[in-house]
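S.K.: Sharing a structure with you now.
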């Protein structure tokens, strides 16, 4: 049979299914206007599978229509796939119609994330002639709440928390007009028909006032703490230029040292206070509006206590109309602390009643509204390292946008870990990574975790057939997985880290994975954390590690760095470690009986597991240098050590690092049990001798980073020669250290290695649920395939 080409003028019909983030982003009016432009007849509708377009036109016009759809979609849309099939029944000519949404058998359409206020809405918000002037809930199809208000899909108003606000005639007319920017904008509202603000005292009673925003701005100027109900939960806001007010917030919230995020009025104010490069500026102004970690300028006027001991502060710009109106008030300070509205260890508050009860001992006033928050979502956090954006906390603005992976997965739930917890739902070639849940160590956090799992399962209509969890038997996420009565796959923590990066970059072949982390349960019963793995998508082999150190007191050592320092000294020098010639001055301040108690624990192996953790090595070094002996938040000692080292780094430090690679320095590589190790004690010995020679602590800290990078590079190069694998993956919480990650990337590329690391997914434990989902899902597929054989 000879196939003849279809004449360019012949009318044909196709059905087009578009998957991805195509609901709540103005996609249907975009299709409508595109169809009118190209003379297309047909329909468009939202379904659970995606947006379905039934189109009929001349073949040449259909080609142009599909090309424009694929290459020029609306700015917030993210198209994952476009599928076409011929129509068997002709469509009537002369019209194109937007149909009501329908539910599908399987929800594969992505709910869009919450998006920062767009320029059009900002302009209307501040225009006295606009009917939405100063309306704090203004939005359109290009911005506003999405994930935080949705209850189910298709994403339509009756399935959001806006269903209790019937639209007035003017809003309804906009909502129904395909040519309007608010066509099918589900949160569409105005002062006549939409949500409202309320001003309350700490006693919970409403305070009568002309304008709650004006009242809030005045309170902030007076040094008061305001609990503000935002997009995905409450913030606690105070004047970021007032040291006394910041100190009061820290005291009331029992948060003595942990960095506080700051919201600045605009990009010009941000640039006046912080060093901002092009990529950081792009992030601050992006539709996601994350918190970005920035280095302050010396002449800045922000309070000194915002991020004690570290050299970066988390900065964001106003991302809701309420924020914009607050900063537009003359009394409002130009910089506000905006920290999560919660009590220590609990999830952020989302309900008015809950906040009034829980935050009454912290806040002086409450700025409330009556648009319910369906799903709590924290602010996302980014850091630009080596010129690329790295998500450290994936939440508002990014979740629940799915990640597309190359491998078809069965319906799978990855349960995550203990710290910086997330979970992940996988199906087909899609993985939905949850918002940041937090540290999963109490009932309130577990409730948030389980509620969020149920919600995402309902929204995406995914019923897991298998579950994957961490090897650690005591994680609450592991126990949750065990209770599901599903096929269970236990995944080693650092293998999950490696595969999360492989999934982000679509890597199927084996890699050398370098995972520098805090803790992760190893199959040998020890605590891993400084690992060199040969990893593929379903298995891993440990090829090297940091040499293990005792972990006196187990988890207690993770909050008392001096324990790790004593353990390292004793491991290296024995009883001589406490002689005046060796004991660093910082550890001489630790009472002798406490030091001896640690030694006794090590001798008897009582509650002293071994650990290869890179995080605990950083803690030991920070203790030896007198930086930090007790921590009030996770990672504090390592972050302060990085800041001290960065303060001694010159603008040419990467070139100095390359020079150090070839210097004749003490070798730190040893071979134990046929595996190569980086000898952790060598770093300790170097630091002790440098301290007793009176060297500058900042220079010692920088040299430690150099020698660690040098040792990692040398061991990696040996493994490359041994395995023939030239593709390297970097992951783990310690890779959030800018000096460590930038140094490794620089040196590895000098050695012509192919290096990958996390960008769109966190380097820390926020990504391991993704790795678990991929590993568990593919192990299950592999098992079933073998059984069928």
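The values are calculated or read from the model by the stated rules, or taken from the named source; none is laboratory data. Quantities reported herein were computed from a predicted structural model and do not represent experimental measurements. Quick reminder, even Gly has a Cβ in these numbers, built from the backbone with ideal geometry, and neighbours come from all protein chains shown.
S.K.: In the set 445, 498, which member is surrounded by fewer than 20 Cβ atoms within 10 Å (Cβ to Cβ) and not in a loop (DSSP other than H, G, I, E, B)? Give the steps one after another, and end with the answer.
M.R.: Numbers: 498 fails: surrounded by fewer than 20 Cβ atoms within 10 Å (Cβ to Cβ).
Matching residue, one of 445, 498: 445.
S.K.: Related question: Answer yes if at least one residue in the range 151-162 is without any contact (Cβ under 8 Å) to a residue 24 or more places away in the chain, in contact with a helix residue (DSSP H, G or I) (Cβ under 9 Å, 6 or more places away or on another chain) and closer than 24 Å to residue 33 by Cα, and no otherwise.
M.R.: Checking the range 151-162: not a single residue is without any contact (Cβ under 8 Å) to a residue 24 or more places away in the chain, in contact with a helix residue (DSSP H, G or I) (Cβ under 9 Å, 6 or more places away or on another chain) and closer than 24 Å to residue 33 by Cα.
S.K.: Here are some conditions: (1) surrounded by 23 or more Cβ atoms within 10 Å (Cβ to Cβ); (2) on the phi < 0 side of the Ramachandran plot. Residue 151 meets all but one. Which one does it not meet?
M.R.: (1)
S.K.: So, one more: Filter the range 43-53 down to residues that are in contact (Cβ under 8 Å) with a residue 40 or more places away in the chain and surrounded by 23 or more Cβ atoms within 10 Å (Cβ to Cβ), then give me how many there are. Steps first, answer last, please.
M.R.: Taking the range 43-53 as the starting set, the residues that turn out to be in contact (Cβ under 8 Å) with a residue 40 or more places away in the chain are 43-51.
Still in the running and surrounded by 23 or more Cβ atoms within 10 Å (Cβ to Cβ): 44, 46, 50-51.
Within the range 43-53, residues that are in contact (Cβ under 8 Å) with a residue 40 or more places away in the chain and surrounded by 23 or more Cβ atoms within 10 Å (Cβ to Cβ) number 4.
S.K.: Just give me the residues in the range 54-69 being touching a strand residue (DSSP E or B) at 6+ places or on another chain (Cβ under 6 Å) and free of Cβ contacts under 8 Å to residues at least 40 places away in the same chain, in sequence order.
M.R.: Matches in the range 54-69: none.
S.K.: Considering only the range 215-230, how many residues are in a helix (DSSP H, G or I) and either touching a helix residue (DSSP H, G or I) at 6+ places or on another chain (Cβ under 9 Å) or at pLDDT below 95 (or both)?
M.R.: At the first step, the residues of the range 215-230 found to be in a helix (DSSP H, G or I) are 215-221.
This time we only want the ones that are either touching a helix residue (DSSP H, G or I) at 6+ places or on another chain (Cβ under 9 Å) or at pLDDT below 95 (or both), so: 216-217, 220.
Of the residues in the range 215-230, 3 are in a helix (DSSP H, G or I) and either touching a helix residue (DSSP H, G or I) at 6+ places or on another chain (Cβ under 9 Å) or at pLDDT below 95 (or both).
S.K.: Among the residues of the range 23-41, are any in a strand (DSSP E or B), in contact (Cβ under 8 Å) with a residue 40 or more places away in the chain and farther than 24 Å from residue 157 by Cα?
M.R.: Filtering the range 23-41 down to residues in a strand (DSSP E or B) leaves 41.
From the residues that got through so far, the ones that are in contact (Cβ under 8 Å) with a residue 40 or more places away in the chain too are 41.
Okay, now just the ones that are also farther than 24 Å from residue 157 by Cα, so 41.
Yes, that holds for at least one residue.
S.K.: From the list 284, 322, exactly one residue is in a helix (DSSP H, G or I) and without any contact (Cβ under 8 Å) to a residue 60 or more places away in the chain. Which is it? Steps first, answer last, please.
M.R.: Working: 322 fails: without any contact (Cβ under 8 Å) to a residue 60 or more places away in the chain.
Among 284, 322, only 284 is in a helix (DSSP H, G or I) and without any contact (Cβ under 8 Å) to a residue 60 or more places away in the chain.
S.K.: State all residues of the range 302-328 that are over 18 Å from residue 232 (Cβ atoms) and under 24 Å from the mean Cα position of the chain (by Cα); if no residue qualifies, say none. Outline the logic, then answer.
M.R.: Filtering the range 302-328 for residues over 18 Å from residue 232 (Cβ atoms) gives 302-313, 315, 325, 327-328.
Within the range 302-328, 306, 307, 308, 309, 310, 311, 312, 313, 315 qualify.
S.K.: Mind checking which residues of the range 222-236 are over 26 Å from the mean Cα position of the chain (by Cα) and closer than 17 Å to residue 373 by Cα?
M.R.: Of everything in the range 222-236, nothing turns out to be over 26 Å from the mean Cα position of the chain (by Cα) and closer than 17 Å to residue 373 by Cα.
S.K.: On the given criteria, is residue 758 surrounded by fewer than 17 Cβ atoms within 10 Å (Cβ to Cβ), in contact (Cβ under 8 Å) with a residue 24 or more places away in the chain and in contact with a helix residue (DSSP H, G or I) (Cβ under 8 Å, 6 or more places away or on another chain)?
M.R.: Details: surrounded by fewer than 17 Cβ atoms within 10 Å (Cβ to Cβ): no; in contact (Cβ under 8 Å) with a residue 24 or more places away in the chain: yes; in contact with a helix residue (DSSP H, G or I) (Cβ under 8 Å, 6 or more places away or on another chain): yes.
So residue 758 does not fit the description; no.
S.K.: Hey, could you check the range 465-477 for residues that are in contact with a strand residue (DSSP E or B) (Cβ under 7 Å, 6 or more places away or on another chain) and buried (at least 21 other Cβ atoms within 10 Å of the Cβ) and say which is farthest from residue 415 (Cα to Cα)?
M.R.: Pass one, the range 465-477, residues in contact with a strand residue (DSSP E or B) (Cβ under 7 Å, 6 or more places away or on another chain): 465-472, 477.
Next, from what is left, pick out any that are buried (at least 21 other Cβ atoms within 10 Å of the Cβ): 466-470, 477.
Numbers: 466: 11, 467: 7, 468: 6, 469: 5, 470: 8, 477: 6 Å.
If we take residues in the range 465-477 being in contact with a strand residue (DSSP E or B) (Cβ under 7 Å, 6 or more places away or on another chain) and buried (at least 21 other Cβ atoms within 10 Å of the Cβ), then 466 is farthest from residue 415 (Cα to Cα).
S.K.: Follow-up question, since we're still on this one. Given the residues 479, 454, 490, which is the only one that is free of Cβ contacts under 8 Å to residues at least 24 places away in the same chain and either assigned by TED's automatic domain parsing to the domain that holds residue 48 or part of a strand (DSSP E or B) (or both)? So that I can check it myself, show each step before the final result.
M.R.: On the way: 479 fails: either assigned by TED's automatic domain parsing to the domain that holds residue 48 or part of a strand (DSSP E or B) (or both); 454 fails: either assigned by TED's automatic domain parsing to the domain that holds residue 48 or part of a strand (DSSP E or B) (or both).
Exactly one residue qualifies, and that residue is 490.
S.K.: A follow-up question, please. Please specify each residue of the range 411-421 satisfying the condition of being touching a residue at least 60 places away in the same chain (Cβ under 8 Å) and touching a strand residue (DSSP E or B) at 6+ places or on another chain (Cβ under 6 Å). If you could, list the steps in order and put the result at the bottom.
M.R.: Applying the first criterion (touching a residue at least 60 places away in the same chain (Cβ under 8 Å)) to the range 411-421 yields 412-421.
Passing the criteria: 412, 413, 414, 415, 417.
S.K.: Right, something else. Tell me whether the range 195-212 contains one or more residues that are under 30 Å from residue 101 (Cα atoms), outside any strand (DSSP E or B) and free of Cβ contacts under 8 Å to residues at least 40 places away in the same chain. Full working, then the answer.
M.R.: Within the range 195-212, the subset under 30 Å from residue 101 (Cα atoms) is 195-196.
Within this subset, residues satisfying the condition of being outside any strand (DSSP E or B) are 195-196.
Keeping just the survivors that are free of Cβ contacts under 8 Å to residues at least 40 places away in the same chain gives none.
Looking through the range 195-212, none of the residues is under 30 Å from residue 101 (Cα atoms), outside any strand (DSSP E or B) and free of Cβ contacts under 8 Å to residues at least 40 places away in the same chain.
Residues are listed down the side, and each one gets a yes or a no for (1) touching a helix residue (DSSP H, G or I) at 6+ places or on another chain (Cβ under 7 Å); (2) at negative phi:
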residue	(1), (2)
311	yes, yes
318	yes, yes
321	yes, yes
324	yes, yes
328	no, yes
339	no, yes
345	no, no
348	no, yes
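S.K.: Can you report the number of residues in the range 401-419 which are in contact with a helix residue (DSSP H, G or I) (Cβ under 8 Å, 6 or more places away or on another chain), in a loop (DSSP other than H, G, I, E, B) and surrounded by fewer than 24 Cβ atoms within 10 Å (Cβ to Cβ)?
M.R.: Number of matching residues: 2.
S.K.: Would you point out which residue out of 315, 373 is touching a residue at least 24 places away in the same chain (Cβ under 8 Å), within 21 Å of residue 259 (Cβ to Cβ) and crowded, with 22+ Cβ neighbours inside 10 Å? Let's see the steps before the verdict.
M.R.: Values: 373 fails: within 21 Å of residue 259 (Cβ to Cβ).
Answer to the selection: 315.
S.K.: Could you grab me the full set of residues in the range 234-252 that are in contact with a strand residue (DSSP E or B) (Cβ under 7 Å, 6 or more places away or on another chain) and under 26 Å from residue 436 (Cα atoms)?
M.R.: 234, 235, 236, 237, 238, 240, 246, 249
S.K.: Could you list, in sequence order, the residues of the range 394-423 that are more than 21 Å from residue 291 (Cβ to Cβ) and under 13 Å from the mean Cα position of the chain (by Cα)?
M.R.: 423
S.K.: If you don't mind, there's one more thing I want to ask. Out of (1) touching a strand residue (DSSP E or B) at 6+ places or on another chain (Cβ under 9 Å); (2) closer than 24 Å to residue 321 by Cβ; (3) outside any strand (DSSP E or B), what's the single condition that is false for residue 189?
M.R.: (1)
S.K.: On to the next question. Of these, 165, 198, which one is within 33 Å of the chain's Cα centre (by Cα), surrounded by fewer than 18 Cβ atoms within 10 Å (Cβ to Cβ), closer than 23 Å to residue 133 by Cβ and at pLDDT 95 or above? Break it down stepwise before answering.
M.R.: Values: 165 fails: surrounded by fewer than 18 Cβ atoms within 10 Å (Cβ to Cβ).
Of the residues listed, the single one that is within 33 Å of the chain's Cα centre (by Cα), surrounded by fewer than 18 Cβ atoms within 10 Å (Cβ to Cβ), closer than 23 Å to residue 133 by Cβ and at pLDDT 95 or above is 198.
S.K.: Now, a different point. Going through 67, 130 one at a time, which residue ends up being in the same structural domain as residue 31 (by TED's automatic domain parsing), modelled with pLDDT of 85 or more and surrounded by fewer than 20 Cβ atoms within 10 Å (Cβ to Cβ)?
M.R.: 67
S.K.: Something else now. Out of the range 70-87, which residues are touching a strand residue (DSSP E or B) at 6+ places or on another chain (Cβ under 8 Å) and either assigned by TED's automatic domain parsing to the domain that holds residue 147 or without any contact (Cβ under 8 Å) to a residue 24 or more places away in the chain (or both)? It would help to see each step written out before you state the result.
M.R.: As a first pass, look at the range 70-87 and keep what is touching a strand residue (DSSP E or B) at 6+ places or on another chain (Cβ under 8 Å): 70, 73, 76-87.
Matches in the range 70-87: 70 only.
S.K.: Additional query: For residues in the range 298-312 being in a helix (DSSP H, G or I) and at pLDDT below 95, which is surrounded by the fewest Cβ atoms within 10 Å (Cβ to Cβ)?
M.R.: Going residue by residue through the range 298-312, those that are in a helix (DSSP H, G or I) are 304-306.
Filter once more, keeping what is at pLDDT below 95: 304-305.
On the way: 304: 11, 305: 19.
Residue satisfying both the conditions and the ranking: 304.
S.K.: Filter the range 567-595 down to the residues that are crowded, with 17+ Cβ neighbours inside 10 Å and assigned to a loop (DSSP other than H, G, I, E, B), then identify the one that is modelled with the lowest pLDDT.
M.R.: Step one: filter the range 567-595 for residues crowded, with 17+ Cβ neighbours inside 10 Å, giving 567-573, 577-578, 582-584, 586-587, 590, 595.
Imposing the further condition that a residue be assigned to a loop (DSSP other than H, G, I, E, B) reduces the set to 582-584, 590.
Values: 582: 88, 583: 91, 584: 93, 590: 94.
So the residue we want is 582.
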